[in-house]
Structures are given as C-alpha cells and as structure tokens.
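The values are calculated or read from the model by the stated rules, or taken from the named source; none is laboratory data. Quick caveat: nothing in here was measured; it's all calculated off a predicted structure. Positions of Cβ are backbone-derived with ideal geometry, glycine not excepted, and every protein chain shown enters the neighbour counts.
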Amino acid sequence: MIEIVNKFEKVIYALLMIMLMLVLIAAIVDLTWVLVTSLTDISPWLLDSHEMIQVFGGFLLVLIGVELLDTIKAYFRENSIHVEIVVLLAIIAIARKVILLDPSGMSGTDFGIELIGIGVIVVGLSAGYYLIKKAGIRVGPGVLIQEKSG
C-alpha cells in the first residue's frame, strides 16, 4: 500500500511540475510583453517608475517560479525537500511584496502595520535561513538529516 501511495505522490509531483512549467512560460511571455510595451510606448527606451516596478515584479515572479520548480525537481531527484530552498523562496516572495507595495491605496496606520508585519517576517526568515545554512539541515523522507560541514 505504501508503494502505491509513493507512486501516486510521484504522479502528483510530475503533474505539478508540468503545470508549473506552463505557468512559467506564460509568465515569461507576459514579462516580455510588459517589457516591450513599456520600452516602446510613451517614452521610447525609458521606463517610468511604475513601469520599472511592474517589470521588476515580473522578473521576481519568474524567479519564484524557477525556484519552486527547482524545489520539486530536487524532491524528484533525491526524494527530499531542501528547506534552504523553501526559505529562500519565501524571502524572494517577501522581497517581491516589498517592491510592489503601493502605499497610496491605504491609510498611514494600515501602511505602518503592514510594514511592521513585513519586517517581522523578513527578520524571522533571515534568522531561519542563517540557522539552516549554519547547521546544514534538510528534510528527508520522514527523517531530519544534518549534512556534514566541510
């Protein structure tokens, strides 16, 4: 029965990988379109600040997708999840949120509370990433593995 569940799990991961590749292709096409239209519209070869933020957001979205694909690929290869990659992915996602943050649509108090929350998340993720790198920890199938530091 466990073997059937393991095979089912592999099929699910394979389907997720295929769908993620399709999403990445669509994201790259969208990013290309945004970049080309931004560079050729009103002021050719110059990007306004909102256009630049939109392009950076697209780049980071593609980067997040590639890192997520790498996580799934690592699971396929080694049958283990690399916690370091997952935490790095979360840090990139928070960085994208900060870059795309628009304070004009909210009150000063709401903006301040959101910034405090983002700050707490950044500090927590950074500390976690540091500890993971220092300890060389990753998660295997049902066990915690500590890699030997060289």
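Yes/no matrix, rows are residues, columns are (1) farther than 24 Å from G57 by Cβ; (2) over 18 Å from the mean Cα position of the chain (by Cα); (3) modelled with pLDDT under 85:
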{"position": "A95", "(1), (2), (3)": "no, no, no"}
{"position": "T109", "(1), (2), (3)": "yes, yes, no"}
{"position": "I113", "(1), (2), (3)": "no, yes, no"}
{"position": "I118", "(1), (2), (3)": "no, no, no"}
{"position": "G124", "(1), (2), (3)": "no, no, no"}
{"position": "G128", "(1), (2), (3)": "yes, no, no"}
{"position": "K134", "(1), (2), (3)": "yes, yes, no"}
{"position": "V143", "(1), (2), (3)": "yes, yes, yes"}
{"position": "Q146", "(1), (2), (3)": "yes, yes, yes"}
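Tell me, yes or no, whether the range 42-56 has at least one residue that is at pLDDT below 90, of a type in the set (A, V, I, L, M, F, W, C) and at positive phi. Steps first, please.
Of all residues in the range 42-56, those at pLDDT below 90 come to 42-56.
With the extra rule that they be of a type in the set (A, V, I, L, M, F, W, C), the set shrinks to 42, 45-47, 52-53, 55-56.
From the residues that got through so far, the ones that are at positive phi too are 45.
Scanning the range 42-56 turns up at least one residue that is at pLDDT below 90, of a type in the set (A, V, I, L, M, F, W, C) and at positive phi.
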**Message:** I need a count of the residues in the range 1-49 that are surrounded by 11 or more Cβ atoms within 10 Å (Cβ to Cβ) and within 14 Å of Y75 (Cβ to Cβ).
**Reply:** 8
**Prompt:** If you check V29 against the conditions, is it in contact with a Gly (Cβ under 8 Å, 6 or more places away or on another chain) and on the phi < 0 side of the Ramachandran plot?
**Reply:** no
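When the residues of the range 81-117 are filtered to those that are in a helix (DSSP H, G or I) and of a type in the set (S, T, Y), which remaining residue is nearest to A135 (Cα to Cα)? First the steps, then the outcome.
So the first thing to find is which residues in the range 81-117 are in a helix (DSSP H, G or I), and the list is 83-100, 103-105, 108-117.
Filter again for of a type in the set (S, T, Y), leaving 104, 109.
Values: S104: 42, T109: 39 Å.
That would be T109.
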**Pick from the range 36-62, criterion β-branched (V, I, T) and in a helix (DSSP H, G or I), ranking: farthest from I94 (Cα to Cα)** = T40
**Fill in**
Reported set for the range 43-90 where residues are over 11 Å from the mean Cα position of the chain (by Cα), within 20 Å of E9 (Cβ to Cβ) and among the hydrophobic types (A, V, I, L, M, F, W, C) is I72, A74, F76, I81, V83
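Return yes or no: is A74 touching a His at 6+ places or on another chain (Cβ under 6 Å) and in a helix (DSSP H, G or I)?
Working: touching a His at 6+ places or on another chain (Cβ under 6 Å): yes; in a helix (DSSP H, G or I): yes.
Spelling it out, A74 is indeed touching a His at 6+ places or on another chain (Cβ under 6 Å) and in a helix (DSSP H, G or I).
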